[in-house]
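Comments concern the structure below.
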Amino acid sequence: MTLPESKIDVKALGKVAVLMGGESAEREVSLMSGSGVLQALRTSGVDAHAFDPATHALSDLRRDGYARCFIALHGRHGEDGTVQGALELLGIPYTGPGVMASAIAMDKVMTKRVWLAEGLPTPRYVWLAPDRQQPEIVRKVPDELGLPLIVKPPREGSSIGVTKVRGPSDMQAAVELSARYDADVLCEEFIDGEEVTCPVLGHGAQARALPVIRIVAPDGAYDYQNKYFTDDVKYQCPSGLPEAEEREIQRIVLEAYRTLGCRGWGRADLMIRASDRKPFLLEMNTSPGMTGHSLVPMSARASGISYEELCLRILADAALDTPARPKAA
């Protein structure tokens, strides 16, 4: 699928802040994403500037005359609805989903609840609240989900704090690692098969799924190090999947995106179960990575969209949940 080149009036975009860095566990990745976006926008003639919320108050955005924001923040206070809410109050349009969609998608447990309510496929799970992480409770989780299983913090990304548990004796350590990053812990059924990802651009009926990427990681270890700092992971785009299978994944991803109320852009991660080729949704990323190893730019290139054009399109779609009312005379 090749998407037509857009005609964007760069000057009409105004002064742009690229929000990057922040204070989450994904700060390092955010700085890499933001630097790439900043350079791309400037190359395209946009009046773009770096802005790190860890060192500058968000209120400075209005004081300094920014017309819109490209959110290149990852993790907490970046894609969880909090910075989106602040920008709503400031009346400054921003990229990506709004407050509610960002908050729900950031929480993998809440995301699962919404998807399951709509009949969308996602792995079975057990949620361990802070008062349910005692050894006598933790050791029973494999009885419900089987082994191996995945333990992860529900409100982190980039595979931070994630463990593949192969034996019951590993459960408590996995829960304790996850709890370092999030008070709640998500235990998830392990889907044995292929990992894929599929980006989406746009809003509502106009949203379109980009080509699926198949991810082949060494020994299945698609972890933080392999995601961003090695070239050991192989990405296949075109995916090489049967055409009907790719179309079905894109259909499910679009439905998952729209069900959460996403707009602008996003990227869903899925597993395809080897035994029956059934796809399972893992999560929706509402501020995906834009580094040299990132997947949205890779999929966009397969659609004929350059990195610079991708950044421009996302920026041009910046919006508010509630458009600013005209000021009283």
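So here's what we get for this one:
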| quantity | calculated |
| --- | --- |
| In the range 157-188, residue farthest from the chain's Cα centre (by Cα) [restricted to those that are among the hydrophobic types (A, V, I, L, M, F, W, C) and part of a loop (DSSP other than H, G, I, E, B)] | ALA183 |
| Among the candidates ILE191, ILE215, residue that is touching a Phe, Trp or Tyr at 6+ places or on another chain (Cβ under 7 Å) and under 28 Å from HIS77 (Cβ atoms) | ILE215 |
| Candidate set from the range 100-154 (those that are basic (Lys, Arg) and in a loop (DSSP other than H, G, I, E, B)); member that is farthest from GLN172 (Cα to Cα) | ARG124 |
| Residue list for the range 111-126, filter: under 18 Å from LEU260 (Cα atoms) and touching a residue at least 24 places away in the same chain (Cβ under 8 Å) | THR111, VAL114, TRP115, GLU118, LEU120, PRO121, THR122, PRO123 |
| LEU31 being touching a Gly at 6+ places or on another chain (Cβ under 7 Å), under 18 Å from TYR307 (Cα atoms), open to solvent by 10 Å² or more (accessible area, probe 1.4 Å) and at pLDDT 95 or above | yes |
| Pick from the range 162-179, criterion free of Cβ contacts under 8 Å to residues at least 40 places away in the same chain, of a type outside the set (Ser, Thr, Tyr) and buried (at least 21 other Cβ atoms within 10 Å of the Cβ), ranking: nearest to PHE190 (Cα to Cα) | VAL165 |
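Yes or no, residue by residue, for (1) within 18 Å of LYS234 (Cβ to Cβ); (2) buried (at least 17 other Cβ atoms within 10 Å of the Cβ):
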residue	(1), (2)
LEU282	no, yes
GLY289	yes, yes
SER294	yes, yes
ARG301	yes, no
ILE314	no, yes
LEU320	no, yes
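The values are calculated or read from the model by the stated rules, or taken from the named source; none is laboratory data. Everything numeric in this text was worked out from a predicted model, so none of it was measured. Cβ coordinates were reconstructed from backbone atoms using ideal geometry, including for glycine residues, and neighbour counts include every protein chain displayed. Surface accessibility is based on the protein's heavy atoms, side chains included, excluding ligands, DNA and RNA. Shrake-Rupley method; radii C 1.70, N 1.55, O 1.52, S 1.80 Å.
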